[in-house]
Every structure is written in structure tokens, then in C-alpha cells.
1. If you place +1 on the Cβ of every Lys and Arg, -1 on the Cβ of every Asp and Glu, and leave all else neutral, what size is the dipole of the range 425-510 about its Cα centre, to the nearest 20 Debye?
2. Set the Förster distance to 22 Å, then compute FRET efficiency between SER2 and HIS160 from the Cβ-Cβ distance, nearest 0.05.
3. Wrap a convex hull around the Cα atoms of the range 378-460, take a quarter of its surface area, and give that in square nanometres.
4. For the range 287-352, run through the GluC sites (Glu not before Pro) and keep only the ones in DSSP coil with at most 16 other Cβ atoms within 10 Å of their Cβ.
5. Can you work out ³J(HN,Hα) from phi for every residue in the range 223-230, in order, using Karplus 6.51 cos²θ - 1.76 cosθ + 1.60 and θ = phi - 60°, giving whole Hz and x for Gly and Pro?
6. Just how many % of Cα pairs in the range 1-136 lie over 20 Å apart, if you round to the nearest whole percent?
7. Work out Dmax and Rg for the range 178-299 from the C-alpha atoms and quote the Rg first, both in angstrom.
8. Which aspartates and glutamates does LYS43 reach when only Cα atoms under 15 Å apart count, and residues fewer than 8 places away in its own chain are ignored?
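No value in this document is a laboratory result; all are computed from the given coordinates. Predicted model, so just to flag it, every value in this text is computed and none were measured. Please note: Cβ atoms are built from the backbone with ideal geometry, for glycine as well, and neighbour counts cover all protein chains shown.
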Amino acid sequence: MSKLSSDFLWGGAIAANQCEGAWDQDGKGVSTADVQTCGGLAKYTCEIPGIPDQYRSYMKNMRGVTYTDGSTKSACIAFKMNTYPDHGIPSIFEDEYYPNHNGVDFYHRYKEDIALLAEMGFKCFRLSIAWSRIYPTGEEALANEAGLKYYDDLFDTCHHYGIEPVVTISHYEMPLALSIKYNGFASRHVVDCYMRYVETIFDRYHAKVKYWLTFNEINSVVHSGFVNAGVFSNDPKLIEAASYHQFIASAKAVILAHEKYPNIQVGCMVGTSLAYPYSCKPEDCMESVKANHKRDLYYPDVLMRGYLPEYKLIELKQKGIELPILDGDLQLLQAGVCDFMAFSYYQTSLAMAKDEAMERTSGNMGTFIRNPYLSKSEWGWQIDPLGLRYTLNFYYDRYHKPLFIAENGLGAKDTLERDGTIHDPYRIEYLKAHIQAIKDAITMDGVNVFGYTPWGCIDLISCSTGQISKRYGFVYVDADDAGNGSYDRYRKDSFYWYKKVIQSNGEDLD
């Protein structure tokens, strides 16, 4: 059996809003991530009427967005748009806890953290730039030099250790002012604000960053228009407009890179949970096609193929929704096709024509029909290593462009022992099976995969819950869900295991 290429990019992934902290330091503006609470600890919570008992504990741990309607304070569930108010302004309350404000103090400890990644042998490091560190409100004429300097130093530290930064331009945060004033990407004006930001960081960092991703999990807008695109509304017309404007913004970023910075590559990033049909019943098979179109295909189809697919245009027509297409837009989409596709993979899903009575379980930003053939994590996420190989084949067959696995991992509760060790064999077992699936896709199926960055390589704030107790990392951060702790770093058993995996280029998985 052939081996992985010697230039395969082994690494790990984080996001600025979940790690950095320093939310109001050195000129940084308030972002949409800064108004999100910690699930289970929030003072301001949201109840969904009529929800089945089996989901109550799951929903209790979902983080909220705090807002005011002018007279009262309240919250909605960040990843459940049906809980968003008809009128409200996302706001920070003094008596609420916002875990992203502190993160895991990566802003001040990045040199220490990157040294730990280098000790593991990382070839690349996926991270994001906080948009509001560069343009605090999104509309300034000049960028914030302190923010630019911070990322200069961060990228220089990566290169000092021979680590290639892989940078997400917009990772679940944007200047809150753009959300409040324009409803985020529902407005075409925000595309111009995004491009001002992109032009600034491309010009500043093009010699330091080769790989860029335009938006994190761009398809997550189907769960949360606010987290994804700054749209604080449940109006499907605004959500579709925001998705469309993000397509235009991505295409413009790709075109800019190709015209001015030919040394860099720009990819899209999609959150995947491809749907198997529940059975071979034709109706279930057709339901899986529709589910995949809606959640996992529409977005990369536009970004990787360069046109609006027929199935989506028909759906929009049936719903009476007209996209805000301007003259020249369709040409932009064609010219701005991404160079590669990145995606997150945590689980697959099931689709069936009628699923009201089926057992369900939690998953990334939602709930899914329980697959009886799969085990699941403590948070209910179904574990399907072979599904990663399936997903890689599925997308490579469809687009035939290089693929990058930007997220994958197991959220679990880890225990810091008195001697400073953390034993996480469950994480090693999970990652071992998924890496084997990647190897099989490459060596047996011929899929072009050029990198793998497991999620949360340093423990961080969970996106869906705001907790840190749901840990993913190879590096343990001594902090609890309420922000208490030393924030000291400790190497887990998986740290030493992954170091061995990288040193052997994936040959030694034991």
C-alpha cells in the first residue's frame, strides 16, 4: 500500500473567538461572539415550548445570545433561529458571563502554545483572524495597527517553528456593529466591509500565509444566521440574502487573490454531516438527496462550481424568495471558484421520509436520527470513522479538487491528575480510526487530501455550548466552565500519541 505524501499537512485547528480572549484590548471592537453566553451557567436562558424531555438537557447546555428589546433583557439560543425575537438588539449585560471574553488567554500565551504545537511536530496550524481586531466596527477608514501587529507576530512565531498558518478570514464572528446596523450579510454593504478587511489582510500577510478560508462552515447559516452571518432574524428571505452575499464576498476574495497574490490559495469551508438514507426504501433514498442538497451541497456547489444549482433555484421559487442578484454577479461567481475545499467532519446523519417517531440524538448544532450502528460521544454526537472516508470520496467525486479536513475531533471530559497527567485513550481511539479512514481514502480510493487539522488542538471554548469542559485538545487548559483556574497548559496522553503519528507521517497509529 502506498504512503501519504511527505508534504502532507499535519496540524490542528482553533478559532480566535474561542481562544484569544482579550475581547476589548488593544483597540478590538465588540464582535458577535462577545454577546454569547455559556450554556448551563447563563442567567438569561431561553425555553422552547413543547420540546420533548429527551432534548431538555441538551438545550439547557446550548449557549444563548443576550439581547434587549428596549425595555427588558432576554436571550435566545444561538444555534436555534426559531428562538430569535422579532425585535431585539444583541447586547452585553454586566451580570452575565461571556466565556469568549477570556477564551483560554491565547492572545497573551500564543508563543507558549505554538511552542507546544511545534513540540508535537505540527506542519500547519489552522486559526482565524478576529475581524473586529482589524476593523472594530467594520466601517473604519483605517485598520487598527495594534491588531495587525498582533497577527504579524503570531504568524512569525509559526514560521519560526516551520509551521504553515492556515487562516480563516471570518470564523463565526464579525463586528457586532455591522450586525446591529445592517443585519450583517443580509445587506450588500457588508460585502464591501468584508472586502476592505480582506484587502487589508491579504496585503499585509500574503507573504506569511499561503492558505486562506473565506468563511467557517458557511452552510451553518441554516442553523444560525447570527453566529454565521450576523443576521439577528429568523426571516428566511434575509437568511438566503445573507448566504448569497457571502457567496459574492467569497468569490471577490478569490478573484483578488488570483489577480494580486498568485502565491496564495483560497478555499471554502463547509460543515458536513452527509445524510445516509435510513433504508433502501426509495422514499428514504430521495429524502437523503434532498437533505444533502439543503445542508451539505448547495453551499460548496456554488463556491466550487461557480453557479447557483437548479435544485436551489426551484426551491427558492416555490418559497417566493428572490435572491438579490445584481448585474455581473453570476460572472463573479464563475470567476471566483475556490482553489480547494475544506470541511469539518464530526458525524454523518440519517434521512427518512417520515421520522417523527424515530429516536434522535444531538450533534453539531442540531439533532439527528439515531443511527443504530454507531456509538456516540458523551454529548450525543455519533461516531462514524468510515463516514469520513465516505465524505472524502463524495466531495472529491463531485468537485475533483484538493480537499482539506479543517476540523475533526472528540469532545469529552478530561481529568487533570495530581501529577499533571491527563489520560485520554478515548480521544486516541477516535482519532486513530479517523486517520486510518483518511489514509484509506488517499491510498485506496485516490482522493486528493492535503491536510488534516483536528479541532481544538488546545482546549478552548465550545462553539455550541460555551463550555470548556467539553474538551477536544491535545493540550489541557486548567480552567472550568465559569472561567476559574490557573489557565496553565498540560500535555495529554494524546499529545505524545499525535507527536508519534506526525513523526511517522501517519504510519504509526498505535
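1. Here the size comes out at about 100 debye.
2. With a Förster radius of 22 Å, E is 0.10.
3. Details: hull surface 25.2 nm².
Computed as one quarter of the Cα hull surface, the answer is 6.3 nm².
4. Numbers: sites: GLU287, GLU310, GLU315, GLU322; in loops: GLU322.
Sites meeting the loop and neighbour criteria: GLU322.
5. Rounded to whole hertz, the list is 9, 8, x, 6, 4, 6, 9, x.
6. When every Cα pair of the range 1-136 is considered, 58 percent fall beyond 20 Å.
7. Radius of gyration, then largest Cα-Cα span, for the range 178-299: 16.9, 54 Å.
8. Straight-line reach from LYS43, under 15 Å: GLU94, ASP95, GLU96, ASP481.
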